[in-house]
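All remarks here apply to the structure that follows.
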């Protein structure tokens with residue numbers, strides 16, 4: 001004769017199997033979790049200054065554009081070739097206090113190649129419209145920045161290692177001179193170049 005509680009017994013057995021499997025999974029997870037131990041402490045220090053300046057780029061606003069010349073792809077036909085050096089400046093006025101040194105820090109970001117220390121080409125291909133021409137990005141081209149001594153600025157590096165520059169304020173004003181140039185990462189192909197960088201004024 002079939003037992004009256006066979007289905008109930010079966011359910012209890014399945015529940016028991018599931019409970020054991022869950023317990024085994026929890027035990028395995030606990031055994032496989034890495035041991036967490038504190039190995040050190042990192043302390044960050046800094047300073048916020050009350051010093052302020054009014055900024056202008058190339059005689060305009062703090063946000064400004066540097067038009068670079070059109071150059072032949074043949075001038076950028078190998079890695080390391082440069083062309084199209086273009087001057088630009090950042091002017092500080094109305095600084096308070098009106099003495100001391102100031103510098104510019106070029107911030108890291110998505111447009112910065114941390115390996116080369118230059119700006120990548122972010123131009124995006126697009127078709128022509130009634131108001132805008134077609135865009136075809138140039139390849140194997142980056143934009144490098146130079147300080148006033150024509151030394152390479154290492155974008156993405158810390159301020160002290162970036163090789164930017166410091167100038168002394170005179171009556172609360174100063175001008176920081178820079179240059180931008182195309183730099184080939186290989187044989188360049190013809191096309192458009194567009195990139196950006198964010199900067200901050202530093203009061204060392």
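The values are calculated or read from the model by the stated rules, or taken from the named source; none is laboratory data. Treat the numbers as computed from the prediction; the structure is a model and nothing was measured.
I need a count of the residues in region 59-87 that are modelled with pLDDT under 95 and at positive phi.
So the count comes out to 1.
Quick test of your reading of the structure: residue 102 fulfils all but one of (1) within 22 Å of the chain's Cα centre (by Cα); (2) part of a strand (DSSP E or B). Name the failing condition by number.
Answer for residue 102: the failing condition is (1).
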